[in-house]
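Contents: one structure, followed by commentary.
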Amino acid sequence: MTSPEVTAHPPLTDTAAAFAAEINLRLHRIIKTSKDLTPLVRENPSDSRITVGVLDGDSFGTLPLSVDGRHLLDLLPKFNCCFDSSGRFLAVEESWMHVLPKGDRVPLFRYEYLRDATNSVPVAHLQVHAHRDEFAYALIAAEKGKARQRWRKGKPPRLQEFHFPLGGHRFRPCLEDVLHALVVEFCVDPVDGWESAVKEGREQWRRLQLRAAVRDAPEEAAEVLRLLDYDVAPGTVVPKDNVARLRAY
């Protein structure tokens, strides 16, 4: 018999649909598009995941992105959803956010997340595909863009002038992430025991940042703890959320 605690939670189809609706709401508040992300149940009955993306026939397509009213770029957003280890909360197992030139299959760059990635690939990573000229063309397409203004002053756009967001104040990469990449990708000579040191340093950093993130939004942390059956009561003074930190680019 299924426990009452489990049956009290909605099925994955409902949870994924709510997730897609939330993504669509956020999407339509930022860019002009007539397309929505939709959850798609996999045909394989042994695969319990649900993929959320822009349906294009039997597969997933892209969202057109306009620059000065012209369709110049495409965005491929896709999320593989499942339940977390507790079976209660939605988890994203894999996600893809690819930015492509219009009609092209090779992205300029892509953000990806792989929950079960091997140790040689960061679970969350950014990859740049475009050559400098391709990136420069995309940067100067907008009449009011920063790169276009510099170009008019005789300064050619450069790839290094594009600033990729990487998690804000609390979720940015740590030193161990960079060192790990240097050893794995460039074969930089490590010392004995480097893997353990990387893991321990990364854990220390993320625990520290987790504490800082909790201070930014303490009631969010308290609510999650209550869902995990902790008894949490507010203090005599309830601190305000650090909204500036939470919203920082």
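In this entry, residue 147 is excluded by the filter for residues that are modelled with pLDDT under 85, under 19 Å from the mean Cα position of the chain (by Cα) and not assigned by TED's automatic domain parsing to the domain that holds residue 183. Counting only helices (runs of 4 or more DSSP H) that sit wholly inside segment 155-237, those with at least 1 residues that are surrounded by 12 or more Cβ atoms within 10 Å (Cβ to Cβ) and among the aromatic types (Phe, Trp, Tyr) are 194-216. Of the residues that make up segment 49-70, is at least one assigned by TED's automatic domain parsing to the domain that holds residue 18, among the basic types (Lys, Arg) and within 24 Å of residue 12 (Cβ to Cβ)? For segment 49-70, residues assigned by TED's automatic domain parsing to the domain that holds residue 18, among the basic types (Lys, Arg) and within 24 Å of residue 12 (Cβ to Cβ): present.
Here is the figure for segment 195-245: residues that are of a type outside the set (Phe, Trp, Tyr) and farther than 22 Å from residue 89 by Cα total 28. Residue 7 - would you say it is modelled with pLDDT of 85 or more and polar (S, T, N, Q)? Against the criterion (modelled with pLDDT of 85 or more and polar (S, T, N, Q)), residue 7 does not qualify.
The values are calculated or read from the model by the stated rules, or taken from the named source; none is laboratory data. Note that this is a predicted model, so its numbers are computed, not measured. So basically every Cβ, Gly included, is an ideal-geometry build from the backbone, and we count neighbours across all protein chains shown.
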